[in-house]
1. Identify the residue in region 178-196 that is at pLDDT below 80 and of a type outside the set (A, V, I, L, M, F, W, C) and, among all such residues, is surrounded by the most Cβ atoms within 10 Å (Cβ to Cβ).
2. I'm trying to understand the selection: among the residues of region 133-155, which are at pLDDT below 90, of a type in the set (A, V, I, L, M) and open to solvent by 10 Å² or more (accessible area, probe 1.4 Å)?
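The values are calculated or read from the model by the stated rules, or taken from the named source; none is laboratory data. Predicted model, so just to flag it, every value in this text is computed and none were measured. Here the Cβ is made from the backbone with ideal geometry for all residues, glycine too, and neighbour counts use every protein chain on show. Please note that ligands, DNA and RNA were not included when accessible areas were found on the heavy atoms of the full protein model with its side chains. Shrake-Rupley method; radii C 1.70, N 1.55, O 1.52, S 1.80 Å.
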Amino acid sequence: MFCLFTNVIRLKPALIAFLLLVLRGDIFADGGTVQISKKAGPFRITVFTTSAIVRAGLEDVSVLVQNHFTHQPLLNAKVCLSFQRLDKHPATIAEIWTPPCCRTKPNLARYQATHTAATNKLLYAVTTVFPAAGKWEVQVEVLSNGARGLVNGILYVAPPASPLLSYWPLFLLPIIAIVGYVMHYRLCSARAHKKP
């Protein structure tokens, strides 16, 4: 048992790197999953979401605006997004996102996406709140140098994940810290006993 313990200690840097990559797989993501990509006027407009499966709640939405002919990204455009729920029936309790939606005030009428909100500065980004699951219409309007492009698309929003599934990495962090402390303590006490 002690040999297994010392082998784990030797692999500590690799273990830490592995846990960081597993717990935060989206650290290195630039745009996310392509949801819509269409030509509109002189533009090619591509809409990304951080999650492959968009769930009710907070979601980062990014937009890449390119010149349709040269495929060069346009960095001086004004990009506005609007979202509208298309489902006519009211959302059920399971479809409504509650924690911590009560603290945010969703204004799905119109968002302006900016470079400052984006990690990748080629993208325009905004954080939006989808208060309920269902079928949503996404409308992206781009204005640049007097030209205008308008793209519509459908985004399917899944019911919210349970809070336990959403926040499990946060519950795992104290356990990892405690296990690390215990392993460090045992290693130090084993070294102290070996000294004459």
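1. ARG191
2. Scanning region 133-155 gives no hits.
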